[in-house]
Amino acid sequence: MKYSIYLDNAATTAIEEEVLDAMYPYLTTAYGNPSSLHALGRGTRHGMETARNSIAAHLGVKPSSICFTSGGTESNNMAIAAALRDLHCDHIITSRLEHHSVLNAIDYYAELFKTSISYVAVHEDGTVDHNDLKKMLTEQHARGKKCLVSLMHANNETGMFTEIRWVGALCKKFGAVFHSDCVQTIGHCSLNLSRTGVHLASGSAHKFGGPKGVGILYIQEGLSIRPLIYGGAQERGLRAGTENVAGAVGFAKALELAVKNYPEDYLYISELKHYLVSLLKNEGEGVVINSGRFSLYTILSVSFPKTSRSEGLLLQLDQSGICVSGGAACSGGGSHVIEALGKGQEWVTLRFSFSKWNAKKELDKVVYCIRQALEEKPLVEKINCQR
Ligand code: PLP
């Protein structure tokens, strides 16, 4: 696979060397099943529990509130199923900007449990309309309904934040269960979950330098929920199946590094994002920045007026060795988020998402390629950047 510039870090990131090193023993010598009582099993159990303790400490919660899963998708499904089935929520409030692993799980479980759904209004910039959320909770509460509120911490396409502490406080007032998809923020923000008021929160390791196929669901202490996947008694009976020990260890190491490097990475990556915004703003009147002031520093969404030239932008960049995306990696073209924000057919949207491995000179090249594509110049030669 040949590429020169990777700006799709919200889709997935490269695994860190140190993370690989931490995982390696659990893929080779320390291969015991953590449920086995012998020494090899006890060794991997220890690795698993050390990872859980470390993750919990970094998120400001108790180790017993961390359940390992196969990733953000499973965590979101588990949270929504549990809220309707075990926590007896009989109305769901969410937004049309959520990830498909939330939207489609809500559709499925709402039908299964005959639960009604409301979609909270969002402002033009992609932030949740607080007044509308308050109104919805007030109305449903007056009807005797117990709500599940599922709102993501930062949107994976625009990076726009939801003020989860405010939402958490509101949910508390109305006795609602609050789930937040924190897949784009765990590992990218300093986040103390116990201070947010969330009851359930999802995270995924591959978004911040960890391995694919491992996630967590934070389950607030005292909530009694049942598993999504039935079988053995792993994860205190909450998630059956032999544990992905190397994955759990990788999650913990990646989070440890992310927290340690956060101040430096935040400054460096924010600077890259601002730099790209300034370059793109020079590219003409029509360019619209969808990631406003309250957006995550790692994500920049930009829309270009649709023309015969801009339509092929993504492909042209790809042919120049530049990896960006049109939206979520799993949406397979078209973006329900950008459409919900009113930028449908007439716009072409690109999502740039950064890591500490990117450099300003890469961004210069990306903007040069965009200009070439929009001006319908012949394709630039494959560019090569030292990373
Ligand atoms: N939620 C959000 C906001 C995401 O960006 C993603 C990944 O694209 C997911 C959930 C799904 O996570 P995973 O790939 O770990 O299943």
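The values are calculated or read from the model by the stated rules, or taken from the named source; none is laboratory data. Being a predicted model, the structure only gives us computed values, none of them experimental. Please note that ligands, DNA and RNA were not included when accessible areas were found on the heavy atoms of the full protein model with its side chains. Shrake-Rupley method; radii C 1.70, N 1.55, O 1.52, S 1.80 Å.
Spelling out what I want: for every residue of the stretch 207-220, take phi, set θ = phi - 60°, compute 6.51 cos²θ - 1.76 cosθ + 1.60 (Karplus), and round to whole Hz; glycine and proline get x.
7, 9, x, x, x, 6, x, 9, x, 9, 10, 7, 10, 3
For residue 117, which sequence-distant residues (separation of 5 or more, or a different chain) have an amide H within less than 5 Å of its own amide H, given hydrogens modelled in the peptide plane?
92
Under the rule of -39500 (n - 2.57) per DSSP H run of 4 or more residues, summed and divided by the residues of the chain, what mean residue ellipticity at 222 nm is obtained, to the nearest 500 deg cm²/dmol?
Helix contribution divided over all residues of the chain: -12500 deg cm²/dmol.
Search the structure for amide H atoms under 5 Å from the amide H of residue 96, placed 1.01 Å from N in the peptide plane, and list their residues when 5 or more places away or on another chain.
Here 120 satisfy the definition.
Just how far, in whole angstrom, is the stretch 48-77 from the stretch 225-256 if you go by their alpha carbon centroids?
Here the two parts' Cα centres lie 8 Å apart.
Please state the shape class of the stretch 192-262: rounded when a/c is under 1.5, otherwise prolate if a/b exceeds b/c and oblate if not, all from the C-alpha gyration tensor.
oblate
Carbon and sulfur together cover what percent of the accessible area of the stretch 219-315 at a 1.4 Å probe radius?
Answer for the stretch 219-315: carbon and sulfur cover 53 percent of the accessible area.
Report, by chain and number, residues whose modeled amide H sits under 5 Å from the one on residue 31, excluding near sequence neighbours (fewer than 5 apart, same chain).
none
Please figure out what share of the DSSP beta bridges in the stretch 74-196 is antiparallel and state it in percent, rounded to the nearest 5.
15 percent
So, for the stretch 79-132, what is the accessible surface per residue at a probe of 1.4 Å, expressed in square angstrom?
Computed with neighbouring chains in place, this is 43 Å² per residue.
Please state the shape class of the stretch 172-219: rounded when a/c is under 1.5, otherwise prolate if a/b exceeds b/c and oblate if not, all from the C-alpha gyration tensor.
Cα axes put the stretch 172-219 in the prolate bin.
Subtracting the Cα-Cα distance from 0.36 nm times the residue separation, let me have the gained length for residue 261 to residue 21 in nm, one decimal.
Computed gain between residue 261 and residue 21 is 84.6 nm.
With the cut-off at 1.5 for a/c, could you classify the chain from its C-alpha gyration tensor as rounded, prolate or oblate?
Oblate, because a/c is 1.5 or more while a/b does not exceed b/c.
Taking a probe of 1.4 Å, how large is the accessible area per residue of the stretch 142-222, in Å²?
Details: 2540 Å² over 81 residues.
Spelled out: the 1.4 Å probe surface of the stretch 142-222, per residue, equals 31 Å².
Give me the percent of accessible area attributable to carbon and sulfur for the stretch 106-149, probe 1.4 angstrom.
Carbon-and-sulfur percentage of accessible area, whole number: 48.
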